[in-house]
């Protein structure tokens, strides 16, 4: 199913900017808003930063994009949704990499005390140093 069909099926307005956002995020690697905005402008011409924020918000709310917010880093977006995967983040350069769930089934982590919550998802970020940074700074 294409991006236009996905948007329509979810009752979202189909715009050139939203389609470009979807394609940009899918082609990228945990992109921040500024990078997405630049790429969307290259695809469709003038589009405001606010329009990109609005589009990202709508696509995230609809479940078409995932938003991750590593501490000390701008929000990033990815098209891999619905599989409860986690992320590796380099403390030196900020590179973000997907990592599959370590064990079990979603949410894959059980808290000692869920305080009455029905757990739906575990958002795990592993922090470390990526291979490139490690090889440059042993």
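Below, the figures for the structure above:
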| read-out | value |
| --- | --- |
| Gain in span if fully extended, residue 43 to residue 120, counting 0.36 nm per residue against the direct Cα distance | 24.1 nm |
| Label-reachable residues, segment 1-39, where backbone N falls under 14 Å from a point 7 Å from residue 75's Cα toward its Cβ | 31-37 |
| Distance in nm between pseudo-label sites at residue 137 and residue 10 (7 Å out along the Cβ direction from Cα) | 3.7 |
| Potential lengthening between residue 100 and residue 50 on full extension [0.36 nm per residue; Cα-Cα distance subtracted] | 14.7 nm |
| Pairwise Cα inverse-distance average, inverted: Kirkwood Rh of segment 36-87 (Å) | 12.1 |
| CD proxy at 222 nm, helix term only [per DSSP H run n ≥ 4: -39500 (n - 2.57); per residue of the chain; nearest 500] | -10500 deg cm²/dmol |
| Considering only the chain, percent of DSSP beta bridges that pair antiparallel, nearest 5 | 70 |
| Rg/Rg_globular for the chain, with Rg_globular taken as 2.2 N^0.38 Å and Rg from C-alpha atoms | 1.18 |
| Cα convex hull of segment 82-136 - mean projected area over all directions, nm² | 4.7 |
| Unit Cα scatterers, Debye sum, segment 3-76: log10 I(q)/I(0) for q = 0.25 Å⁻¹ | -1.21 |
| Where labels lie 7 Å past Cα in the beta-carbon direction, separation of residue 113 and residue 127 in nm | 2.5 |
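A short reminder: the numbers here are calculations on the coordinates, not readings from a lab. Fair warning: this is a prediction, and the values are worked out from it, not measured in the lab. Counting neighbours? That spans all protein chains shown, and the Cβs are built from the backbone with ideal geometry, glycine included.
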